[in-house]
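Colleague: My questions all concern the structure below.
The values are calculated or read from the model by the stated rules, or taken from the named source; none is laboratory data. Remember, it's a predicted structure, so these values are computed and weren't measured experimentally. Cβ atoms come from the backbone with ideal geometry, glycine included; neighbour counts cover every protein chain shown. Each accessible area value is taken on the protein alone, full model and side chains, heavy atoms only, with ligands, DNA and RNA left out. Shrake-Rupley method; radii C 1.70, N 1.55, O 1.52, S 1.80 Å.
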Protein chains: 4
Amino acid sequence: MFSNDQKSAIEAARAAWTPTRRLVVPALEEAMYEPVSVLDTGFVRLVDYMGGDDGIVQGARVSYGKGTKSTSDDRGLIRYLMRNRHTSPFELAVIKLHVRAPIFVTRQWFRHRTASINEYSARYSVLEKEFYFPRPEDIAVQSASNKQGRGTTLPPEQAQQVLDLLRDDAARCYDHYLDLLNEDAAGGTVDPTRPSIARELARMNLPVNIMTQFYWQINLWNLLHFLRLRADSHAQYEIRAYADAILGLVEKWVPLTFGAFRDYMRDATLLSGPALRVLRAVMAGTPVDPKAEGLSRREITELATLFPEIAPRLNGG
Amino acid sequence: MFSNDQKSAIEAARAAWTPTRRLVVPALEEAMYEPVSVLDTGFVRLVDYMGGDDGIVQGARVSYGKGTKSTSDDRGLIRYLMRNRHTSPFELAVIKLHVRAPIFVTRQWFRHRTASINEYSARYSVLEKEFYFPRPEDIAVQSASNKQGRGTTLPPEQAQQVLDLLRDDAARCYDHYLDLLNEDAAGGTVDPTRPSIARELARMNLPVNIMTQFYWQINLWNLLHFLRLRADSHAQYEIRAYADAILGLVEKWVPLTFGAFRDYMRDATLLSGPALRVLRAVMAGTPVDPKAEGLSRREITELATLFPEIAPRLNGG
Amino acid sequence: MFSNDQKSAIEAARAAWTPTRRLVVPALEEAMYEPVSVLDTGFVRLVDYMGGDDGIVQGARVSYGKGTKSTSDDRGLIRYLMRNRHTSPFELAVIKLHVRAPIFVTRQWFRHRTASINEYSARYSVLEKEFYFPRPEDIAVQSASNKQGRGTTLPPEQAQQVLDLLRDDAARCYDHYLDLLNEDAAGGTVDPTRPSIARELARMNLPVNIMTQFYWQINLWNLLHFLRLRADSHAQYEIRAYADAILGLVEKWVPLTFGAFRDYMRDATLLSGPALRVLRAVMAGTPVDPKAEGLSRREITELATLFPEIAPRLNGG
Amino acid sequence: MFSNDQKSAIEAARAAWTPTRRLVVPALEEAMYEPVSVLDTGFVRLVDYMGGDDGIVQGARVSYGKGTKSTSDDRGLIRYLMRNRHTSPFELAVIKLHVRAPIFVTRQWFRHRTASINEYSARYSVLEKEFYFPRPEDIAVQSASNKQGRGTTLPPEQAQQVLDLLRDDAARCYDHYLDLLNEDAAGGTVDPTRPSIARELARMNLPVNIMTQFYWQINLWNLLHFLRLRADSHAQYEIRAYADAILGLVEKWVPLTFGAFRDYMRDATLLSGPALRVLRAVMAGTPVDPKAEGLSRREITELATLFPEIAPRLNGG
């Protein structure tokens, strides 16, 4: 995944410590520059960060001024901020990552507009021969229940057929890409008498599972929003793998915020007004018709899954 | 490009006129819903708009309050706003477009973060068999001078070879895509005993010249910024074709703003501090060494191109 | 509040109907240009809009492509989008308002960064002698329980004293403002031999309850976010009055979205992970200690308020 | 300006150095936490930063990939990026400041929407008795030529009268504010039998030259945009004083970027298309009528100021 030159550069960067007056998070320093492997040939690599739980608390306290004298401890304040979606203190922490991922994953990733992105340019440079191919156990059929998800995994031989087909097409397309560029794998010209098609044109032949790379910088609040959507069971597995890797870094970086995120974002549930009315009626032992209260069939099912104890009541029991 | 159903729907939408109290721009109404063809199988189609030159002027005048009594005419005010980059009145006009474009073009397009995008989902639906293939006269070699551009066009037979290769790979990849989906071209299941691979997985085999479509909504200021970068000779030809089509709509929509854009953005040049000093010295007949003033070789060349009359003086003449 | 000239201009604008091919929302056309009174001297006035429930549905369907054939009705789709926070279709609707409000209200208002603002400039023009003074029944003491809220209302005579003081200070400061400007109320120069202090300086003497005005344009999603925070009991009464007025327009504009907003945003409650565990245990009749599950004292109180039936169980009963 | 407690806290923060693997900018570390005085009672204080010239270069190079082998030195690359407005690498550097400024200045400041702000809350806490009063030499009359600027300075006695009036009104309004709060200067209750008006209400009596404070975090590109507008002769003097102080920090932080900003943003001039045509004609000795080319009277004057040598030619000479 990395050349020896790159490995040496990373080692050198990790070996260099400089004193700073800024807030430092030792657990995150430990992770710096080291690539975290994602999918077969991808990675996420922490390149820089600013702030941490302490800075979030400090930023929040400027708002409260003298009024904070009685404020409880940092953990309580951070949980309060998260619970009430006071987002601006969380914006004060920033992270910069170096990522390698397949193009179809970046297309989902870059829909999040509140980040700074510097991506490898296929107009300027030649894309390397690195593709994403799923593990056999990740190849699955179209889900019957979820229009945008996968269902059961394929048996090994059938998965292997899929992989063979993907590998063949990727290899052929990449060979033709080099052909159009009139370049060999080492970047040399193959035949000086033949034209070298412009890179910006030749790349149109490449499939969306080819790898690209980019620097991605985002503040903590926007990152948590990204993670809530992408480290979620409804996200496509491939981007979820990246989100999970980033979540590991977030836990090291801002442990208090991470705990608050887990309790008030990731594991939290939004109860709609109608669902709340139904729930109250059930608790009070009052008869209630979820449909009449405005719940759709899907919502009734989800509420019953959330509270299995009252499922019979929800289903007209 | 459009099915008969779609054509009828467009005709019906164009036939329906409703009275409104809002600002209406008749020249733009004329263009509504009608697709403007771009590249071979792409289009740009105006779906909605809000505001116009009049609304921009009105928005600017709220800032000036009573102070505007003496303000000159609308054209002068718009040109003044544009020239001094008073951007907020231009944000008050908004446009919504329906676009079909190849994926590699949308990857450049969506780097502009200040727009609202609703794109066709290849997780949810099957992509149609529509690809972009350049016209032979648009196939060119890598530029020698511009690392991210193209140079001379290929001779017809060589261009044809490139096209054959692109078409072959696109067709094969798409066939394999349908194969993985276990679907025929009409969307029916081919073999009920075979697995249908999840759409989100199968699509990874498709090359980036496949067409996608999206709704794109952006305010006029951010649109002009987009157009300055993308309707420019440094932009890749394929996205420039879309930018040019949009520019045609802008001209109908806000003729005064369009004129100001042309004079103060598109055709304007930024003279750096050092370039300004050099130019003044040249005009005053004072000896001047552009390099000593801080101009790079490239900047000297560009200044000489801008003002051919003084080129000899810039090159040490 | 409005001069006769302004009233005539509004009447003229309301009288002018023009045919358009765009989506029109008749109920909102009814409200166009007409100021809705807010506080004593403020207003909100609809100046332009784009899109509506139909446009939101149309934008969402481009994402689903062929996959939407089976999609349920518009209402169901809009509720689904809102419930799952699929925000981009809601971004496709845009509204433009003309607002007059006190400066201290705009300071809260403009913290919402995702809108376009054109505000009256006190550098360019003289601010009018219009201040906000609360109604006696809105003057209240500092809340004991809520550090940023108000508690009980003042008795009438004490309220009157507060108002007298506010009115006196506002009048004196404004007189001095005119004094510094060397202007009379009609905008004429008082004494040509005296200096007229620059407007940008003289205005620094004005209190934050002076009225300013601005054009505010925002897309529907960001507007709903604003309304959830500002049409809420935790918001300061004065900005809530504006949010309530805007909510009235939203209901006319996008009735389906308004219903979804009410059920899934305004009346919805976020149940944290720990609160969910506690609730399940209570329902299952299992012993549970809310504190041990991680709920703070405040959270236990709030949960007990939400579900009074189980309050005893939450409080260790 | 700072209490002894605050001074000690700053000293302690400055004394604490911790090793980090991140990019460190020693010249900026020197400035950390130390307030830079602005206006009479304001300040700007560097609280945190991330990145620097090196990080910008590194971020840019990921885009160029292998293609950068031949890239010139860092200075050349940064100047190239700035000149061509390749903004994303500059977004990778971030700065966090703690600022105290008058409310009327923050109203201009917060119009820049691309920053994260945590401001002192006058709903939550009592504002301190700190106001901005201009130095006598900064008190000037309304400019005759510039509708939003100041002209000549007042004679000392007249300036003193203005100051007396501003000081009187500020003192009276603040006294009444405390009165409404029923608080003394030390924060104690004055009369327990009297009502304490809610802070969110009482503050409406305060003039806009009262000081507030906030944390402000912004990336370098957006900061440079802010500085170009606010460290400019057209900006109001009071916000310019802050912009100048921040510019001093930027020069220490990113010296290469600062140089590029100076040459390609601050000292650069935009030549419109028509101005360019006029200039070329003048250089070629061809007769040209600036008005016929589309230049307004103001533009002709500005062009003549920029190039005094050709002024006679522009004015029909």
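Colleague: Run down D:Arg85, D:Arg75 and say which single residue is on the phi > 0 side of the Ramachandran plot and open to solvent by 30 Å² or more (accessible area, probe 1.4 Å). Step through it out loud before you land on a result.
Modeller: Numbers: D:Arg75 fails: on the phi > 0 side of the Ramachandran plot.
Residue meeting the stated conditions: D:Arg85.
Colleague: Same structure, new question: Scan the range C:92-102 and tell me whether some residue there is part of a helix (DSSP H, G or I) and not aromatic (Phe, Trp, Tyr). Reasoning before the result, please.
Modeller: Applying the first criterion (part of a helix (DSSP H, G or I)) to the range C:92-102 yields none.
No, the range C:92-102 contains no residue that is part of a helix (DSSP H, G or I) and not aromatic (Phe, Trp, Tyr).
Colleague: Can you say whether D:Gly187 is facing another protein chain (nearest Cβ under 8 Å), on the phi > 0 side of the Ramachandran plot and over 30 Å from the mean Cα position of the chain (by Cα), as far as the supplied structure shows?
Modeller: Values: facing another protein chain (nearest Cβ under 8 Å): yes; on the phi > 0 side of the Ramachandran plot: yes; over 30 Å from the mean Cα position of the chain (by Cα): yes.
So D:Gly187 passes the test.
Colleague: Right, next: Just the residues that are open to solvent by less than 80 Å² (accessible area, probe 1.4 Å) and within 30 Å of the chain's Cα centre (by Cα), please, taken from the range D:276-299.
Modeller: If the condition is that a residue be open to solvent by less than 80 Å² (accessible area, probe 1.4 Å) and within 30 Å of the chain's Cα centre (by Cα), then D:Glu299 is the only one that fits.
Colleague: Looking at the range D:135-144, can you tell me whether even one residue there is free of Cβ contacts under 8 Å to residues at least 40 places away in the same chain, of a type in the set (Ser, Thr, Tyr) and open to solvent by less than 30 Å² (accessible area, probe 1.4 Å)? Reasoning before the result, please.
Modeller: The first filter runs over the range D:135-144 and keeps only residues free of Cβ contacts under 8 Å to residues at least 40 places away in the same chain, leaving D:136-137, D:139-144.
Then drop every residue that is not of a type in the set (Ser, Thr, Tyr), which leaves D:143.
Subset that is open to solvent by less than 30 Å² (accessible area, probe 1.4 Å): D:143.
Yes: the range D:135-144 contains one or more residues that are free of Cβ contacts under 8 Å to residues at least 40 places away in the same chain, of a type in the set (Ser, Thr, Tyr) and open to solvent by less than 30 Å² (accessible area, probe 1.4 Å).
Colleague: OK, next. I'm told B:Pro89 meets every condition in (1) part of a loop (DSSP other than H, G, I, E, B); (2) modelled with pLDDT of 95 or more except one. Can you identify the failing condition by its number?
Modeller: Against the list (1) part of a loop (DSSP other than H, G, I, E, B); (2) modelled with pLDDT of 95 or more, B:Pro89 comes up short only on (1).
Colleague: Please give the number of the condition B:Phe104 fails out of (1) more than 23 Å from the chain's Cα centre (by Cα); (2) touching a residue at least 40 places away in the same chain (Cβ under 8 Å).
Modeller: Here B:Phe104 clears every test but (1).
Colleague: In addition: May I ask you to list the residues in the range B:149-169 that are without any contact (Cβ under 8 Å) to a residue 12 or more places away in the chain and within 22 Å of the chain's Cα centre (by Cα)?
Modeller: B:Gly151
Colleague: Of the conditions (1) at the interface with another protein chain (Cβ under 9 Å from one of its Cβ atoms); (2) out of contact with any Asp or Glu (no Cβ under 7 Å at 6 or more places or on another chain), B:Ser272 clears all except one; give me its number.
Modeller: Against the list (1) at the interface with another protein chain (Cβ under 9 Å from one of its Cβ atoms); (2) out of contact with any Asp or Glu (no Cβ under 7 Å at 6 or more places or on another chain), B:Ser272 comes up short only on (2).
Colleague: For the range C:232-248, indicate whether the set of residues that are closer than 19 Å to C:Arg45 by Cα and not in a helix (DSSP H, G or I) is non-empty. Show your work before the answer.
Modeller: Start the filter on the range C:232-248 by keeping residues that are closer than 19 Å to C:Arg45 by Cα, which leaves C:238-248.
This time we only want the ones that are not in a helix (DSSP H, G or I), so: none.
No: zero hits.
Colleague: Going by the conditions given, is C:Ile95 under 27 Å from C:Val25 (Cβ atoms) and of a type in the set (A, V, I, L, M)? Let's see the steps before the verdict.
Modeller: Details: under 27 Å from C:Val25 (Cβ atoms): yes; of a type in the set (A, V, I, L, M): yes.
Considered against the rule, which asks whether it is under 27 Å from C:Val25 (Cβ atoms) and of a type in the set (A, V, I, L, M), C:Ile95 comes out as yes.
Colleague: Just need a number here: residues in the range B:211-239 that are farther than 18 Å from B:Lys147 by Cβ, open to solvent by 10 Å² or more (accessible area, probe 1.4 Å) and without any contact (Cβ under 8 Å) to a residue 60 or more places away in the chain.
Modeller: Counting residues in the range B:211-239 that are farther than 18 Å from B:Lys147 by Cβ, open to solvent by 10 Å² or more (accessible area, probe 1.4 Å) and without any contact (Cβ under 8 Å) to a residue 60 or more places away in the chain gives 2.
Colleague: Something else now. Could you say which residue among A:Pro207, A:Pro156 is surrounded by fewer than 21 Cβ atoms within 10 Å (Cβ to Cβ) and within 13 Å of chain B (Cβ to nearest Cβ)?
Modeller: Values: A:Pro207 fails: surrounded by fewer than 21 Cβ atoms within 10 Å (Cβ to Cβ).
Only one candidate qualifies: A:Pro156.
Yes/no matrix, rows are residues, columns are (1) of a type in the set (S, T, N, Q); (2) at pLDDT 95 or above; (3) within 29 Å of B:Ala93 (Cα to Cα):
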position	(1), (2), (3)
B:Ala159	no, yes, no
B:Val190	no, yes, no
B:Ser196	yes, yes, no
B:Tyr237	no, yes, yes
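For (1) more than 11 Å from every other protein chain (Cβ to nearest Cβ); (2) within 23 Å of B:Leu97 (Cβ to Cβ); (3) in contact with a His (Cβ under 8 Å, 6 or more places away or on another chain), each residue gets a yes or a no:
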residue: C:Asn4; (1), (2), (3): yes, no, no
residue: C:Trp17; (1), (2), (3): no, no, no
residue: C:Thr20; (1), (2), (3): no, yes, no
residue: C:Glu29; (1), (2), (3): no, no, no
residue: C:Met32; (1), (2), (3): no, no, no
residue: C:Leu39; (1), (2), (3): yes, no, no
residue: C:Gly55; (1), (2), (3): no, yes, no
residue: C:Ala60; (1), (2), (3): no, yes, yes
residue: C:Tyr64; (1), (2), (3): no, yes, no
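Colleague: Also, quick follow-up: When the residues of the range B:18-40 are filtered to those that are within 27 Å of B:Asn4 (Cβ to Cβ) and charged (D, E, K, R), which remaining residue is surrounded by the most Cβ atoms within 10 Å (Cβ to Cβ)?
Modeller: Residues of the range B:18-40 within 27 Å of B:Asn4 (Cβ to Cβ): B:18, B:28-40.
Retained after the next criterion (residues that are charged (D, E, K, R)): B:29-30, B:34, B:40.
On the way: B:Glu29: 19, B:Glu30: 12, B:Glu34: 13, B:Asp40: 14.
Filtering the range B:18-40 for residues that are within 27 Å of B:Asn4 (Cβ to Cβ) and charged (D, E, K, R), the one surrounded by the most Cβ atoms within 10 Å (Cβ to Cβ) comes out as B:Glu29.
Colleague: Which one of the conditions (1) modelled with pLDDT under 95; (2) over 25 Å from the mean Cα position of the chain (by Cα) does A:Arg172 fail to meet, given that it meets all the rest?
Modeller: In the conditions (1) modelled with pLDDT under 95; (2) over 25 Å from the mean Cα position of the chain (by Cα), A:Arg172 misses (1) alone.
Colleague: Out of curiosity, is A:Thr212 more than 7 Å from every other protein chain (Cβ to nearest Cβ) and under 26 Å from A:Leu165 (Cβ atoms)? Step through it out loud before you land on a result.
Modeller: Details: more than 7 Å from every other protein chain (Cβ to nearest Cβ): yes; under 26 Å from A:Leu165 (Cβ atoms): yes.
Here the answer is yes, as A:Thr212 does meet what is asked.
Colleague: Related question: Only one of these is open to solvent by 60 Å² or more (accessible area, probe 1.4 Å), among the aliphatic types (A, V, I, L, M) and in the same structural domain as D:Phe258 (by TED's automatic domain parsing): D:Ala60, D:Ala15, D:Ala93. Name it.
Modeller: Details: D:Ala60 fails: open to solvent by 60 Å² or more (accessible area, probe 1.4 Å); D:Ala93 fails: open to solvent by 60 Å² or more (accessible area, probe 1.4 Å).
From the options D:Ala60, D:Ala15, D:Ala93, the qualifying one is D:Ala15.
Colleague: Which residues, taken from the range C:1-24, are of a type outside the set (Phe, Trp, Tyr) and in contact with a strand residue (DSSP E or B) (Cβ under 7 Å, 6 or more places away or on another chain)?
Modeller: Here is the first cut: in the range C:1-24, the residues of a type outside the set (Phe, Trp, Tyr) are C:1, C:3-16, C:18-24.
Once the filter is applied, which keeps residues that are of a type outside the set (Phe, Trp, Tyr) and in contact with a strand residue (DSSP E or B) (Cβ under 7 Å, 6 or more places away or on another chain), the range C:1-24 yields C:Met1, C:Thr18, C:Pro19, C:Thr20, C:Arg22, C:Leu23, C:Val24.
Colleague: Is one or more of the residues making up the range D:245-254 within 14 Å of chain C (Cβ to nearest Cβ) and free of Cβ contacts under 8 Å to residues at least 12 places away in the same chain?
Modeller: Kept after step one, since they are within 14 Å of chain C (Cβ to nearest Cβ), are these residues of the range D:245-254: none.
The answer is no; no qualifying residue exists.
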